[in-house]
Amino acid sequence: MSSEAVISSVTIDENTKAPSSTSQDAVQKVNLLGMSRAEMEKFFEEMGEKKFRAGQVMKWIHQFFVTDFAEMTNISGKLRAKLEQICEIKAPEVVHRNYSKDGTRKWVFRVGDGDGSLVETVLIPAEDKTGSRKTLCISSQVGCALDCSFCSTGKQGFQRDLTQAEIIGQLWMANLSYMEDVPVIERERSVTNVVMMGMGEPLLNYDAVLSSMSIMLDDFAYGMSKRRVTLSTSGVVPKIDQLAQDIDVALAISLHAPNNELRNELVPINKKYPLEQLIAACQRYIGKDGNESSRKHVTIEYVMLDGVNDHPEHAQQLLKLLKNLPSKINLIPFNPFPHAPYGRSSRNRIIAFQKTLSDAGFVCTIRQTRGDDIDAACGQLVGQVADRTRRAEQWKKKIAEKSEIIRTEG
């Protein structure tokens with residue numbers, strides 16, 4: 001419900017300018033959690049308040065993680081009473097949380113009404129030259145429509161897009177998990193990096209993802225550096241160009257294959273936007289306004305599949321593909337899941353692949369696998385998510401049929 005609809009549908013008390021209690025139960029409250037600063041400023045102006053109130057409330061929500069308007073002590077009592085009756089600060093419901101022995105944290109959130117749907121979020125801690133880093137992998141959709149062949153999440157099919165509140169609520173909850181017992185005035189944001197790399201294709205939920213990232217960058221909210229907010233896409237080329245116009249964040253590409261024939265099999269969207277178009281879009285992205293330094297490089301994500309995309313010739317093809325694209329390459333050991341048709345490349349083969357790329361001058365890292373004990377590793381964001389499309393059931397049946405043919409013919 002829009003802010004105009006909420007404000008116009010309530011009865012205002014002449015003394016407090018707050019909605020009368022008789023109408024409160026009939027009003028669907030506005031969730032302020034997912035509002036960008038521009039949206040919240042408009043909301044307050046429509047209430048007859050100064051727009052600077054938006055910045056005050058955003059700080060309480062995103063920097064001190066307060067949900068009770070009564071605790072917002074630099075706001076007048078009258079305004080707090082008004083907000084209490086027409087607004088709420090509501091994160092998605094946590095139905096499961098699990099903390100790994102390696103420090104990885106995973107949450108399962110219920111989104112939507114009733115039984116709703118479930119999405120997963122993972123936080124990965126690490127140490128680097130800047131100190132302690134906590135990277136949160138955020139979901140943007142319930143399931144995923146792209147059905148990459150090596151990704152367990154894709155086997156669940158697509159259910160719906162997440163709202164802004166459901167997206168930013170994942171970051172809000174992850175931060176709060178480190179501070180639930182800390183006095184409000186002493187709370188500090190803990191998450192240092194965000195990657196839009198969880199369930200779903202972020203560029204297919206463009207508006208909600210864009211607004212959510214603007215909150216992440218906003219100094220009145222999380223104040224994150226644009227280098228520490230990364231959007232990962234499988235290659236929705238028109239939206240990459242639009243993203244370059246709308247916001248400056250880091251870009252990652254789920255590449256996984258160095259030629260069109262293989263990528264068509266692993267990442268089906270490649271049939272619509274082949275590698276030539278994708279690489280050209282990446283070059284435009286980092287070269288916007290002729291200033292490559294503003295975006296520096298694109299991160300290339302490359303999952304290592306045993307005997308599929310990990311041969312020496314694949315490394316050479318990758319070098320040729322990326323030769324004119326400033327890029328950093330992350331090699332990701334495949335994380336097997338039940339009935340997966342692939343295996344993980346051997347450590348020796350991954351290291352040899354890395355050496356070929358590094359010797360050619362690329363910054364190439366091997367991602368450390370974390371969260372295996374809680375199914376939180378890359379490509380495993382699916383665990384308890386209900387499959388309402390029956391894609392997983394059909395896929396498992398297909399795998400079983402193939403196995404039976406092999407057994408019979410053998």
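Tabulated data for the structure shown
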{"quantity": "Which numbered condition residue 265 misses (of (1) touching a residue at least 60 places away in the same chain (Cβ under 8 Å); (2) touching a helix residue (DSSP H, G or I) at 6+ places or on another chain (Cβ under 6 Å); (3) assigned to a helix (DSSP H, G or I))", "calculated": "(2)"}
{"quantity": "Failed condition for residue 296, given (1) farther than 18 Å from residue 226 by Cβ; (2) at pLDDT below 95", "calculated": "(1)"}
{"quantity": "Exclusive hit being closer than 19 Å to residue 193 by Cα, modelled with pLDDT of 95 or more and out of contact with any Lys or Arg (no Cβ under 6 Å at 6 or more places or on another chain), set 140, 132", "calculated": "140"}
{"quantity": "Among residues of segment 174-194, those that are at pLDDT 95 or above and assigned to a helix (DSSP H, G or I), counted", "calculated": "3"}
{"quantity": "Matching residues in segment 141-165 - criterion: being crowded, with 24+ Cβ neighbours inside 10 Å, of a type outside the set (Ser, Thr, Tyr) and part of a helix (DSSP H, G or I)", "calculated": "154, 155, 156"}
{"quantity": "Which numbered condition residue 307 misses (of (1) assigned to a helix (DSSP H, G or I); (2) touching a residue at least 12 places away in the same chain (Cβ under 8 Å))", "calculated": "(1)"}
{"quantity": "Matching entry among 70, 54 (being of a type in the set (A, V, I, L, M) and either out of contact with any Asp or Glu (no Cβ under 7 Å at 6 or more places or on another chain) or modelled with pLDDT under 85 (or both))", "calculated": "70"}
{"quantity": "Meets criteria (in a loop (DSSP other than H, G, I, E, B) and not aromatic (Phe, Trp, Tyr)) for residue 224", "calculated": "yes"}
{"quantity": "Strands (runs of 3 or more DSSP E) fully within segment 88-129 counting 2 or more residues that are surrounded by fewer than 22 Cβ atoms within 10 Å (Cβ to Cβ) and at pLDDT below 90", "calculated": "117-128"}
{"quantity": "Subset tally (residues that are buried (at least 18 other Cβ atoms within 10 Å of the Cβ) and over 17 Å from residue 235 (Cβ atoms)) for segment 315-335", "calculated": "5"}
{"quantity": "Single unsatisfied condition, residue 49 versus (1) touching a residue at least 40 places away in the same chain (Cβ under 8 Å); (2) acidic (Asp, Glu); (3) under 23 Å from residue 219 (Cα atoms); (4) in a loop (DSSP other than H, G, I, E, B)", "calculated": "(1)"}
{"quantity": "Contacts under 7 angstrom Cβ, first residue in segment 234-252 being on the phi > 0 side of the Ramachandran plot and part of a loop (DSSP other than H, G, I, E, B), partner buried (at least 21 other Cβ atoms within 10 Å of the Cβ) and charged (D, E, K, R), 6 or more apart", "calculated": "none"}
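Listed here are the residues, each with its yes/no results for (1) under 20 Å from residue 37 (Cα atoms); (2) among the β-branched types (Val, Ile, Thr); (3) touching a residue at least 24 places away in the same chain (Cβ under 8 Å).
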position: 178; (1), (2), (3): no, no, no
position: 193; (1), (2), (3): no, no, yes
position: 198; (1), (2), (3): no, no, yes
position: 204; (1), (2), (3): no, no, yes
position: 207; (1), (2), (3): yes, no, no
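The values are calculated or read from the model by the stated rules, or taken from the named source; none is laboratory data. Values in this document were obtained by computation on a predicted structure and should not be read as measured data. Glycine gets a Cβ as well: all are built from the backbone with ideal geometry, and neighbour counts include every protein chain shown.
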